[in-house]
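Contents: one structure, followed by commentary.
The values are calculated or read from the model by the stated rules, or taken from the named source; none is laboratory data. From a predicted model like this one, the values you see are computed outputs, not experimental measurements. Neighbour counts are summed over all protein chains in view; Cβ atoms, including those assigned to glycine, are modelled from backbone coordinates with ideal geometry.
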Amino acid sequence: MMQTQLRAPDVYGRTFEMDGPALAAIAERMEARGAHPFVAGVIDEYMAGLIQTPADTLLEIGCGTGAVARAIAARPEMRGPVVAVDVSPHLLETARRIAAEAGLAGRIDFRLGDAHRLDLPDGGFDVVVMHNLISHVAQPAGVLAEGRRLLRPGSGRLVVFDGDYASWTFATGAADIGAATDLAVQRGIVAHPRAMRALPRLLAEAGLDLNWSRAYVVADIGRAEFWTPSVASFRVLLPAAGTMTGPEASAFVAALERASDENRFFAACNFYTYVAQRDD
Ligand SMILES: C[S@@+](CC[C@H](N)C(=O)[O-])C[C@H]1O[C@@H](n2cnc3c(N)ncnc32)[C@H](O)[C@@H]1O
């Protein structure tokens, strides 16, 4: 398959070329995060009222292991077809297996595809969801334009949820309180840490009218909780990204885990959801 390939360290934007241990760490973090009540609450908020008829169709782009697609497909109002696309054959295989184990095998059509250019018909979906995707793609504006193309004219709605990763921070005991390690984390995990700040402009430029938004801050103070799986994944993912060596990543993770054990941990990131509608 031809892909619009990312030229940045971000491991989530280069899942098509990650090795087995990196993909296993990515899958584990996705499933842990997908099971967190914060994520369930976010999905509940953006899905409220979005599905209007039992025939409505929904597409998730960048589904990974399928945690979000499963949560959506299991909703009582979601009776129409759910399609979920990802660029990684390995993650799609995992997604299909977990969906089958959850009794949702027949509910989600998992497909291989590049968010920049999907082999799906114009205007075929009532809802398109990009949940934790836009910060990782090579060209966010191109992916939004592709999302718009796939929406039903006049009524189709696009949901974009992601972290404002320029705000993402893990305090350390270093003299800079973690500024240098924050940069290594941001570069290793996301390609566009400021993308969500640009979304109101990028949506308008893509021909989409913003009609709902929500802001969240996720902070673990004292003990790590929401951020525990992310921290654990850094041991493998930051060396895979090339933004820390193996020993640097291990020492960073060990220090964060120690801080949590000692009730001295601090990590936070802002997140946003935008819902926008086709302007024709
Ligand atoms: C951070 S993960 C989010 C996965 C899932 N939506 C979730 O929240 O659990 C980003 C996903 O986007 C996929 N991805 C990255 N670039 C992509 C592209 N150009 N086209 C399709 N999927 C892409 C990755 O393979 C990865 O599974």
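Structural remarks
- The residues listed here are 146, 93, 77; of these, the one that is part of a helix (DSSP H, G or I) and more than 10 Å from the ligand (Cβ to nearest atom) is 93.
- Search result, residues across the stretch 224-254 that are over 15 Å from residue 189 (Cβ atoms) and crowded, with 21+ Cβ neighbours inside 10 Å: 224
- Within the stretch 190-225, the set of residues being of a type outside the set (A, V, I, L, M, F, W, C), in a strand (DSSP E or B) and farther than 27 Å from residue 238 by Cβ comprises 209, 211, 213, 214.
- Matching residues in the stretch 202-216 - criterion: being under 18 Å from the mean Cα position of the chain (by Cα) and polar (S, T, N, Q): 213
- The stretch 187-201: number of residues that are surrounded by fewer than 21 Cβ atoms within 10 Å (Cβ to Cβ) and touching a residue at least 24 places away in the same chain (Cβ under 8 Å): 5
- Looking only at the stretch 149-191, and only at residues there that are under 19 Å from the mean Cα position of the chain (by Cα) and polar (S, T, N, Q), the one that is farthest from the ligand (Cβ to nearest atom): 169
- A search for C-beta distances below 6 Å between a residue of the stretch 43-68 that is closer than 30 Å to residue 22 by Cβ and of a type in the set (Lys, Arg) and any residue that is within 6 Å of the ligand (Cβ to nearest atom) and not in a loop (DSSP other than H, G, I, E, B), counting only pairs 6+ apart in sequence or on different chains, returns nothing.
- Hits in the stretch 113-131 - residues which are assigned to a loop (DSSP other than H, G, I, E, B), within 13 Å of the ligand (Cβ to nearest atom) and touching a helix residue (DSSP H, G or I) at 6+ places or on another chain (Cβ under 8 Å): 115, 116, 118, 120
- With respect to the conditions (1) near the ligand (Cβ under 8 Å from one of its atoms); (2) assigned to a helix (DSSP H, G or I); (3) modelled with pLDDT of 90 or more; (4) of a type in the set (Gly, Ala, Ser), residue 13 falls short on a single one, namely (3).
- Within the stretch 80-96, being under 30 Å from residue 54 (Cβ atoms) and under 15 Å from the mean Cα position of the chain (by Cα) holds for 84, 85, 86, 91, 92, 95.
- Whichever residue in the stretch 160-182 is without any contact (Cβ under 8 Å) to a residue 40 or more places away in the chain and not in a strand (DSSP E or B) and, among such residues, is farthest from residue 63 (Cα to Cα): 175
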